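The values are calculated or read from the model by the stated rules, or taken from the named source; none is laboratory data. Owing to the predicted nature of the structure, the values given are computational and were not obtained by experimental measurement. Note: ideal-geometry Cβ built from the backbone for every residue, glycine included; neighbour counts use all protein chains shown. Just the protein is used for accessible areas: all its heavy atoms, side chains included, with ligands, DNA and RNA removed. Shrake-Rupley method; radii C 1.70, N 1.55, O 1.52, S 1.80 Å.
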Amino acid sequence: MPAQNLSLPHLFFCCCLVLASMALSADESVSDSEAENGWKIAGWNIQTSLYTHHWSSDPDHTNHQRLIGPELVFKNDFLVGLAIFRNSFDQPSQYLYIGKTWPLFHSDYFYFKLTGGLLHGYKDPFEDKIPLNGLGVAPAILPSFGVRYKHMMMELQIAGAAAITVTAGLRF
């Protein structure tokens, strides 16, 4: 069993690398009409967590997620990413996702982001703290509100009914 647990994060990391590689190679070979559709790489985001607040006061909760999250962003506002962090129970966790952003208030600065993907890392005795985690991997949807200015960004991420997290990052 431990070999499976060790290989799953590596699988997530490899999947993220494959997705990024496919996106990079696709970017080099896209025709002009495909580039007009927005599937050209706009840049990379890298984020870290600044603050987390849990809605319930569980003595097992930690508010120090130590998140690091790279995202590959396309011109059509779709993105793929991987977040590596400590979950609410201080267990190493990963979230591999795809998502999209939409501007808010007709602004270039404010946006809404919705991501969906696979969440891994909630283990015994906390595996039942997230729904559908029967195999150690659960589907997850994460809405966020963000603001960006030039190469800087900040987001408020809503982790369901459990918590909110504030992240900050850079776009390259």
Residue hits (region 146-172; open to solvent by 40 Å² or more (accessible area, probe 1.4 Å) and of a type in the set (Val, Ile, Thr)) are VAL147, ILE158
Of those in region 28-41 that are open to solvent by less than 50 Å² (accessible area, probe 1.4 Å) and at pLDDT 70 or above, the residue nearest to ALA83 (Cα to Cα) is ILE41
Restricting region 42-65 to residues that are open to solvent by 60 Å² or more (accessible area, probe 1.4 Å) and modelled with pLDDT under 85, the one farthest from ASN76 (Cα to Cα) turns out to be PRO59
Checked ASN76, ASN87 against criteria (open to solvent by less than 20 Å² (accessible area, probe 1.4 Å) and in contact with a Gly (Cβ under 6 Å, 6 or more places away or on another chain)); the one match is ASN87
Taking region 93-145 and the residues there that are acidic (Asp, Glu) and loosely packed, with under 12 Cβ neighbours inside 10 Å, the one that is modelled with the highest pLDDT would be ASP108
Selection over region 70-91 where residues are in a strand (DSSP E or B) and at pLDDT below 95 yields a count of 2
Within region 132-153, residues under 18 Å from HIS106 (Cα atoms) and of a type in the set (A, V, I, L, M, F, W, C) come out as PHE145, VAL147, MET153
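Yes/no per residue for (1) closer than 16 Å to TYR97 by Cα; (2) of a type in the set (Val, Ile, Thr); (3) in contact (Cβ under 8 Å) with a residue 40 or more places away in the chain:
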site	(1), (2), (3)
LYS40	no, no, no
LEU50	no, no, yes
TRP55	no, no, yes
ASP58	no, no, no
ILE68	yes, yes, no
LEU72	yes, no, yes
ALA83	yes, no, no
